[in-house]
Amino acid sequence: MSQDTSRHSGNRKLINLAVIVLCSIALVLVIAPSIWIVLQVIIRALPHFSWSVITQNGVGLGGGLKNEIVGTATITTGVMVVAGSIGILSGIYLSQFAKGRTAVILRSSSEVLAGIPSIVIGYIGYTALVVGLHWGFSLGAGLLTLSAMVVPYIAKTTEVALRQVPTAYIEGAEALGFKPTRILTRISLKTALPGIATGLIVALAISIGETAPLLYTAGYSQNLPKLALTHSPLGYLTYAVWTFYNQPTVAAQRLSFDAAMLLVIFVLALIAISRLIVAFTQRHSEAKR
Amino acid sequence: MATSVVEDALANSPDDHGKFIPAKLGRWSPITVISALSTCVPLLVLIGILTILFKKAYPAIKYNGGGFLIGRNWRPGNFYANPVTTNGVQHPLLASYGALPLIIGTLESSVIALIFAIPLSVGAAVIVAKKLHPRLRGFVGAFLELLAGIPSVVFGLWGALTLGPLLSRDIYPVIASHAPNIFILKYFRGSTGAGEGLLTSSLILGIMIIPIIASTTRDLIAQVPRLAEEGAFALGMTEWEVTRKVTFPWISAGVIGATVLGFARALGETMAVAMVSGVVLGSYPTNIYGTFTTIAATIVSQLDSALTDATGLAVETLAEAALILMLITLLANVGARLLVRRVASTSLPIGRGV
């Protein structure tokens, strides 16, 4: 009997060990692809990288990526303004004013919108803005389509950040006779700023990396973007990756990898920045728990 | 009466954190009105998407009929002949569309992706939450963020030029020559192609949805009450037994929700699949390595040429396909959220896993 139990417990320990080993392997397999992709892109791009990639516009299947870089920056700036303001305002509403069923419906619709496939949103942008409103391939169509995609992310992070503001801060401010608007701007928003900034960074990373919503709304141009909202097609980095990767010329494939490397570097930088924000605010937060 | 109970519960819930007293601001103050309008934007966009999609797809729905869901032809017809009118819809001569291969391709690639992603994500999350030093935990978290942040075209580039060729050269032939000719395994036999196809696409989709499932599972495990787990340890259970009998039952609803969300994301993934699936219209893959296509990949790669259809039927047919995709993902999203709202205490991440 006792022998039986001890053999049994030996088995159990063995199973336990096996599971730990398997889970560790799973962890390695989860981490490995991200490292592999980043290294692969850099290894393929770096040996041929020259500054002309950044300083020249695209020419046919060669040239540089200046037009795409400036284009991505233009679209992204526009998205940050449009989606940033709508998203933050909607986060404020959801955290402060919305009640009961209305809140659930509005919050859910935002969450569901984030799950709509990007190509569907791109198709609608094309149908409604490019064709329907006769805007043509344009900065306006591209940035509105992309904004529709990222508003939910900003709204959600803003709402969560505002909810985490300690009630004592608000009650303290009230006791000191602050007006409600002032409490919102000076206390709530200020305390929630790191969280809101992280949300904006996520939105930034998404708008830099998206392709499908832009292909049929922003179009493409080898020139620097015009600062017009309609009839102003422009290039962007993800377009270069998608269009050049299977072209027969070496120059085109290199451009594809160059663009991919720039995208990956941007994403890495944004992750680093958001980590720094979190670390900084944790160090300086008054509400240590 | 019932509503007031709910409202009381809401008012007393910890959700109430961070609220200032909005009543003093008044219902019609500028901030309230502007922020309320902004909050309606996602709902309006959703309604707009559905309306426009349905309106645009309507002629195609009328022309393609029920055959669209069960047919496999993808023939845009003759653009040079005079257009013909059937059922009041103008269309190119001999145009005939069936979306079954697209629908099946979308579903099967996402299901295979889940088969890869679920065990890897859950396994990794268990180790991260239970075994890893907190500092290393943050480090792993950064890699999950990176995986979620890498643009899908870069996944596609990697899949098309690195992973696909590597697998088709070194791995697939080995599997194909050793797979027995029985049941499901027989689909692993035969020609392995050049790396573009169902298995490669599914692998990449699996990698892309890992962050959603893994980070949710990790956060859920952290919320399991310590007392229950410690009690189980005190009874002499091993770590695995505690995980299986205490932790997993506690988090299962949330993990299922996250899985459905990851599934929805895989269904709608566009660029990566367009770059590694081969985008073959009108046929099914003969084995698991075969080229295929999904709804999303078809839309992005065919819209350009569809625009040359003067009657507009090709574009409208893509709208019909998009409508089907939209309805499937909508269903998955709403279902996952309802399930988790009902059973679990946490909320699911949105989109790419935020």
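The values are calculated or read from the model by the stated rules, or taken from the named source; none is laboratory data. Owing to the predicted nature of the structure, the values given are computational and were not obtained by experimental measurement. Here the Cβ is made from the backbone with ideal geometry for all residues, glycine too, and neighbour counts use every protein chain on show. SASA here: full protein model, heavy atoms, side chains in, ligands and nucleic acids out. Shrake-Rupley method; radii C 1.70, N 1.55, O 1.52, S 1.80 Å.
Using a simple spin-label model with pseudo-atoms 7 Å out from Cα toward Cβ, A:Phe280 and B:Ile171 lie 4.1 nm apart. Given R0 = 35 Å, the distance between the Cβ atoms of A:Gln247 and A:His134 translates into a calculated FRET efficiency of 0.65. Here is the list for region A:33-122: chymotrypsin sites (Phe, Trp or Tyr not before Pro) lying in DSSP coil, each with at most 12 other C-beta atoms within 10 angstrom of its C-beta, are A:Trp51. Note on chain B: helix-only mean residue ellipticity at 222 nm, from DSSP H runs of 4+ residues weighted -39500 (n - 2.57) and normalised by residue number, equals -20500 deg cm²/dmol.
With the simple model of a label 7 Å out from the Cα in the direction of the Cβ, B:Lys62 to A:Val28 spans 6.1 nm.
In chain B, Cα pairs under 8 Å separated by at least six residues give a relative contact order of 23 percent. The Cβ shell under 14 Å around B:Phe139 holds other residues with a net charge of +4, Lys and Arg each +1, Asp and Glu each -1.
For A:Lys190 and A:Ala269, a Förster radius of 25 Å and the Cβ-Cβ distance give a FRET efficiency of 0.45, rounded to the nearest 0.05.
Across the accessible surface of region A:145-244, with the other protein chains kept in place and a 1.4 Å probe, carbon and sulfur atoms take up 64 percent. Tell me which of A:Ala251, A:Gly91, A:Thr77 sits at the most positive position along the dipole axis of chain A, charges placed on C-beta atoms (Lys, Arg +1; Asp, Glu -1). After comparing all options, I get A:Gly91.
Can you pull out the buried accessible area for chains A and B, both sides counted, probe 1.4 Å, rounded to the nearest 100 Å²? Summed over both sides, the interface buries about 8400 Å².
GNM, chain B, Cα, under 10 Å: largest mean-square fluctuation among B:Leu199, B:Leu46, B:Leu303? Ranking B:Leu199, B:Leu46, B:Leu303 by mean-square fluctuation puts B:Leu46 first. Using the Cβ-Cβ distance between B:Ala194 and A:Ile42 with R0 set to 22 Å, the FRET efficiency from 1/(1 + (r/R0)^6) comes to roughly 0.30. Heavy atoms of the protein chains alone define the surface here; on that basis region A:55-288 has 39 Å² accessible area per residue at 1.4 Å probe size. From its DSSP helices (H runs of at least four residues, each -39,500 (n - 2.57)), chain A gives a residue-normalised ellipticity at 222 nm of -23500 deg cm²/dmol. Here the extension length gained between B:Lys131 and B:Thr85 equals 9.9 nm, from 0.36 nm per residue of separation less the Cα-Cα distance. Among the residues of region A:170-186, those with an accessible-area drop of 30 Å² or more from chain alone to full protein complex, heavy atoms and 1.4 Å probe, are A:Ile170, A:Glu174, A:Pro180, A:Thr181, A:Leu184.
Average accessible surface for chain B: 45 Å² per residue, computed with a 1.4 Å probe over protein heavy atoms with every protein chain in place.
Overall, the accessible surface of chain B at a probe of 1.4 angstrom is composed of carbon and sulfur to the extent of 66 percent. Using a probe radius of 1.4 angstrom, the carbon and sulfur fraction of the accessible surface of region A:10-119 is 73%.
With each label modelled as a point 7 angstrom along the Cα→C-beta vector, the B:Phe139-B:Ala222 pair spans 1.7 nm.
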